[in-house]
1. Using only alpha carbon pairs under 8 Å that are at least six residues apart, calculate the relative contact order of the chain and give it in whole percent.
2. Quick check on the range 34-276: of the DSSP beta bridges with both residues there, what percent are antiparallel, nearest 5%?
3. Please rank PHE48, PHE87, fewest neighbouring Cβ atoms within 10 Å first, as an exposure proxy.
4. Tell me the mean residue ellipticity at 222 nm calculated for the chain from its helices only (DSSP H runs of n ≥ 4, each -39500 (n - 2.57), averaged over every residue, nearest 500).
5. Name the shape class, rounded, prolate or oblate, that the alpha-carbon gyration tensor gives for the range 34-276, where a ≥ b ≥ c are the square roots of its eigenvalues, rounded holds for a/c under 1.5, and otherwise prolate holds if a/b is larger than b/c and oblate otherwise.
6. How far apart, in nm, are two points set 7 Å out from the Cα along the Cα-to-Cβ line at TYR291 and at ALA413?
7. What size of dipole, in debye to the nearest 20, comes out for the range 34-276 about its Cα centre when the only charges are +1 on Lys and Arg C-beta atoms and -1 on Asp and Glu C-beta atoms?
8. Anything over 29 Å Cα to Cα? Flag those among LYS288/LYS414; LYS7/LYS334; LYS69/LYS106; LYS117/LYS414; LYS91/LYS194, in the order listed.
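Readers should treat all values here as calculations from the given coordinates under stated rules, not as data from a laboratory. These numbers come from a predicted model, not from an experiment. No Cβ is skipped: glycine too gets one built from the backbone with ideal geometry, and neighbour counts run over all protein chains shown.
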Amino acid sequence: MHEFKFKSNQLYCENVKVQDLAERYGTPLYVYSYNTFIGHFLKLKRAFAPVKPLICYSVKANSNLAILKALVEHGSGLDIVSGGELFRALKVGCPPSRIVYASVGKTDKEIEEAIRKGILFFNVESLPELENINRIARKLKKKTNVALRINPDVEAKTHKYITTGKLTNKFGIDFDTATDILRIAGELSNVAIKGIHIHIGSQITIGEPFVEAIKKVVAFIKSNKARGVDIEYLNIGGGLGIIYSHEVPQTAAEFAAKVLPILKASGLKIIMEPGRFIIGSAAILVTKVLYVKKTPLKKFVIVDAGMNDLIRPSLYEAHHEIVPLIDEQRSNEKVDVVGPICESGDFLAKERMLPKVREGEYLAVMCAGAYGFSMSSNYNSRRRAAEILVKGRKIALIRKRETAQDLIRNEIAKSKFK
């Protein structure tokens with residue numbers, strides 16, 4: 001569910017008319033509903049209350065400081081994947097004890113900074129990474145906690161680019177290698193293996209892959225406990241899907257009903273890393289129709305938002321519903337909704353039946369909160385969009401639109417060769 005509704009034929013974000021925001025702040029424009037993403041966080045918290053999980057929002061889904069701060073203030077931890085995300089997490093006041101750090105390619109500098117800050121633990125993706133963390137911790141005269149990220153070889157039934165739990169993916173450690181690592185863990189005196197982590201993919205709409213993966217790792221933890229290995233945490237990752245079009249994803253309560261019996265029986269401390277589930281449907285991308293172009297074979301609706309603003313359709317062939325901000329009687333027609341970028345892959349929708357639109361009116365690209373702005377770029381030297389947060393009738397500008405000067409801020413026109 002989300003807080004974008006039509007009232008008197010006008011699209012509203014909570015109690016604010018979206019058309020007013022577009023006219024005031026310009027387009028392309030990301031508009032976020034505070035009560036939607038906080039509501040989704042609280043739904044997960046309630047659904048999993050019996051195991052009192054640490055819910056670490058996945059910063060990569062959307063890293064705006066205002067969004068992170070609001071979630072942290074409601075008790076969320078943060079799941080990070082880079083030094084930049086660590087900086088953001090600390091900037092909004094997230095306690096290091098509520099930060100977990102993933103990524104297959106952490107640099108020495110990133111590892112050192114995270115150890116110094118005292119994060120809860122690293123999710124370790126390989127033996128070489130574990131050995132490197134141990135080396136850096138020893139240099140710092142620290143002992144740091146880690147969780148082994150297990151690749152459970154489970155088919156997540158999602159797009160091939162966002163599945164992460166098969167042995168053909170770059171993520172995680174297979175069970176045999178993990179067993180070998182646990183056998184030599186005592187030799188690594190500056191790391192403590194406190195947890196097991198899994199994350200099998202993204203936009204998963206059914207519970208069975210999660211159940212299969214969790215059962216596998218719980219059995220793995222039990223078998224190693226019998227050999228004297230004491231694991232304290234189980235991090236079940238994220239990946240819960242949302243409705244983009246006709247999907248029927250599980251609710252938080254339905255997901256909890258499937259996995260809670262396994263989690264409770266495990267006796268482990270539980271961590272979750274939701275991203276899309278919390279922020280995905282909490283935002284729209286508002287764009288203006290520049291031109292309507294007819295060709296002998298197609299009709300194109302050319303808008304001012306492009307693949308640099310929202311790359312998911314071009315990258316994943318992802319579907320986002322697109323609606324005019326004014327809901328009125330009009331005929332439907334088949335169109336491609338395309339942007340101004342000089343690439344044939346620059347589209348927001350292809351062969352889509354949409355209400356007939358006019359030049360100058362505004363469209364809303366729905367469910368654009370996850371991997372929308374966070375994957376945006378300055379390709380074609382385009383300025384990135386502004387971001388607006390709405391709470392009831394209140395409006396906050398949470399990111400200014402970039403200026404032309406922002407585009408060249410770090411560039412040096414006159415080369416100084418040395």
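1. Rounded, it is 20 percent for the chain.
2. Approximately 5 percent, going by the DSSP bridge assignments.
3. The order, fewest Cβ neighbours first, is PHE87, PHE48.
4. Theoretical 222 nm ellipticity from helices: -8500 deg cm²/dmol.
5. oblate
6. My value for the distance between the label points is 3.0 nm.
7. It comes to approximately 660 debye.
8. Among LYS288/LYS414; LYS7/LYS334; LYS69/LYS106; LYS117/LYS414; LYS91/LYS194, the Cα-Cα distance tops 29 Å for LYS288/LYS414; LYS117/LYS414.
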